[in-house]
1. Can you show me the helix-derived [θ] at 222 nm for the chain, built from DSSP H runs with n ≥ 4 at -39,500 (n - 2.57) apiece and divided by the number of residues, rounded to the nearest 500.
2. Let's test this: bin the Cα-Cα distances of the chain at 5 Å from zero up to the farthest pair and state each bin's percent.
3. If packing is taken as the mean number of other Cβ atoms within 10 Å per residue, what is the order of 141-148, 84-91, highest first?
4. Using alpha-carbon positions, what is the distance between the centroids of the range 140-178 and the range 33-90, in Å?
5. Which of rounded, prolate or oblate describes the range 97-178 when judged by the alpha-carbon gyration tensor and an a/c cut-off of 1.5?
C-alpha cells in the first residue's frame, strides 16, 4: 500500500505528462523508473531539467536554458516525442538494489507492452535507462508493434555516469534515417 503523499505525487506526475503527450507519438523514450527528484522529471513545471530530463533534452538538441518549462514541453511534444517509465513511481528506500529493481521491472513488462500497443502506439521505442539492461531480453521478446532502438545492443544510459557518451550516441542515432 502506498502512502497518500506517494499517491498524490504519482497523480501529479501523471497529470503533468498527460498534458505534454502528443496525439501521434513518433518516438517513445522509455526509462526504468520515474526519477525521485522533481527537477529530474521531464514534465515538471519547475523547468530545471537535470538528470535524465536534462540528458534527454541535450541529446535531442532541445535547449532549456533561459526558456520556460511550457516552451520546452511544447517543443518536445511537437517533435512527436514522449517519455514514460516502466515504473511510474520512483524507487523508494529498500528497493535500490539490482535484484529488486529487475524483479519490479519484470513484473510490469506485460502491462507496459499492452499500454504501448493499445494506447501510445509509437513508431519506435528508445530505451534510455541503464537499469533496463537487466530485463532487455524480456523487452525484446514483447510485441510492442514497433522497433526498439538500442545503443549497440544495450539501452542508452542517460541515467548513469556514462550519460555524456550515451547522449552523443543517441544524438547521432536520431539524426540519421528513421
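We did not get these values from a lab; they are worked out from the coordinates using the rules stated. Note that the structure is a prediction, hence the values are computed from the model and not measured. Cβ atoms come from the backbone with ideal geometry, glycine included; neighbour counts cover every protein chain shown.
1. So the calculated ellipticity at 222 nm is -13000 deg cm²/dmol.
2. Computed distribution, short to long bins: 1, 8, 17, 22, 23, 17, 8, 2, 0, 0.
3. 84-91, 141-148
4. Between the Cα centres of the range 140-178 and the range 33-90 lies a distance of 17 Å.
5. Verdict is oblate for the range 97-178.
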